[in-house]
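Everything on this sheet refers to the single structure shown next.
The values are calculated or read from the model by the stated rules, or taken from the named source; none is laboratory data. The model shown is predicted, which means the values in this text are computed figures rather than measured ones. Cβ sites come from the backbone with ideal geometry, for glycine too, and all protein chains shown count toward neighbours. Each accessible area value is taken on the protein alone, full model and side chains, heavy atoms only, with ligands, DNA and RNA left out. Shrake-Rupley method; radii C 1.70, N 1.55, O 1.52, S 1.80 Å.
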Amino acid sequence: MEKIHLFTNSDEKGLSLKKLNYIMVLAALIISAVLFFAMRQTNSTYDQAHTATLQLHKYEETSANLRFASDYLTEQIRMFAVTGDKGYLDEYFREATVTKRRDRALALLQTQHGDSVAYAELQSAMNGSLYLMNMEYHAARLAVDAYGYNLADYPKEVQDVQLFHHEEALSPQEKGEAAKNMLFSDEYKRQKQYIIGHTENCLKALEREIWERQKTVAAGLEQQMFVEHALTFLLIAVLLCIVYLTSRLVIFPLQNCVQLIRKDEEIPVRGATEIRFLAKTYNQIREANMRRRKQLTYDATHDKLTTLYNRRGFDALLDELDLRSAALLIVDLDNFKGINDTYGHDAGDRVLIRVADTLIENFEDEGYVCRFGGDEFAVIMENATPSMQNYLSAKIHAINEKLKSPEDDVPAVTISVGVSFCNGHMDVKDLLKSADTSLYDVKEHGKSDVHFSTEEETETA
């Protein structure tokens, strides 16, 4: 039985699907991991930008609180000086000692920006506000005296204020006027503008600082977005590459293989290593099967001993050939049984082989030589007409002269031949019968000769 050599990977050239799969999966994983990291960085950068914006609003509110607190204190102390309503003074000290929006604002900014310009500006505004509070305490003391309130009922900051000698000599009404004048004086207004100016400078400094930070964060965010887009496109390119290579190296070659297998045609060796391996293996198996089929067909149509066409091969030739101008020679060995009985079957086989070789030597270029079985042979001659009778007679006589001479321990033998010509109007069955009849005539009249069927014999047959 014929062996099929299976190709190994070392026999193959091309890209291995296994390696391609590892490479593509690794590339996709690496790109995905980098993309995930980049997205995390983008989120972090975005959070920084968001935090910076929130901080700006918070610091703006912080700076504004100092100014609002200062304005609130001014409003409450002025209302107390004008109306004498003790509730305004209570609100004033609640803001100054309990709510403490100014102190909270300054403390918050110091925590985040203790060494910044914005903090320094807010500290200056706070100092101005504290300076202004001393004037407000002084005005509050004058107003307490002006409205005849008990000084002991007021906060210690008011009680500790020492009036000047000329102020102590003033009447209650004059003290009230003095308190109002102090709170609405140019000095007081200048101090308020001082606070407002430094508060605005603080806001501007904060805006500049936050803006610079936002610019930096925005630049980082833009860079991160670029990296994300690049990685996304790269990942898409890898996926498209996987699809293309899979189609190019696997799907299309497999589809082509299926079509060619259905047509029983050879598969071209291309594609991935594994596909090439399958194609080569299939081609080798197909070639071996074709050789086996050819061998089986040959064995079925040829005689093993002489390698001539056998009876099945002879019938197939009659079906395939154009016999309208053909001749059929039926050949029979004379006294072959005696050769077998005298010399043995081995010698008989050698005689059959010698006869077969001689017939091939004489008729191979003009037709087909067959062995029906036993000692009976046949020759189909194409393009043969009755005018070739003399030619064929001479050829048969020459063959007999050769076979009469022993050669290589092969016994002598002669042949008898019956010939029938088709002449364009004889079917295969009649052609065979006519040639057999001619052979019978030779056997009846001494053998070792050739006889040709006449047209009349054919018609009679």
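A few comments on the model shown:
- Stokes-Einstein translational diffusion, the range 144-190 - Kirkwood Rh over all Cα pairs, 0.692 mPa s, 37 °C, in µm²/s: 281 µm²/s
- Lysine pair count for the range 190-322 (Cα-Cα distance under 28 Å; residues 8 or more apart in sequence or on different chains): 6.
- Fraction of the pair-distance distribution of the range 316-378 above 19 Å, Cα-Cα pairs, percent: 38 percent
- Label point distance in nm, THR51-LYS447, each placed 7 Å from Cα along Cα→Cβ: 12.1 nm
- Rounded to 10°, Cα long-axis angle of helix 428-444 versus longest principal axis of the chain: 30 degrees
- Taking amide H as placed 1.01 Å from N in the peptide plane, the amide H of GLU376 sits under 5 Å from none that are at least 5 places away or on another chain.
- Accessible area of the chain belonging to carbon and sulfur atoms, whole % at 1.4 Å probe: 54 percent
- Förster radius 35 Å - calculated FRET efficiency between GLU228 and GLN259 (Cβ-Cβ, nearest 0.05): 0.20
- Alpha-carbon centroid distance for the pair the range 355-388 / the range 410-452, whole angstrom: 12 Å
- Using the 1.4 Å probe convention, the accessible area of the chain works out to 57 Å² per residue with neighbouring protein chains retained.
- The simple Förster model, with R0 at 30 Å and r as the Cβ-Cβ distance, assigns PHE37 and GLU207 a FRET efficiency of 0.35.
- Normalised Debye scattering of the range 154-308 at q = 0.17, 0.19, 0.20, 0.21 Å⁻¹ gives log10 I(q)/I(0) of -1.09, -1.17, -1.21, -1.25, counting only Cα atoms as equal scatterers and leaving out solvent.
- Share of Cα-Cα pairs in the chain lying beyond 36 Å, as whole percent: 68 percent
- Separation in nanometres of the label points that stand 7 Å from Cα toward Cβ, at LEU130 and THR99: 2.1 nm
- Expressed as a whole percent, the proportion of Cα-Cα pairs in the range 314-461 lying more than 19 Å apart is 49%.
- Model label points for ALA300 and ILE353, set 7 angstrom from Cα along the Cα-to-Cβ axis, are 2.8 nm apart.
- In range of the label at ILE251: residues from the range 224-239 whose backbone nitrogen is under 15 Å from the point 7 Å along Cα→Cβ: 239
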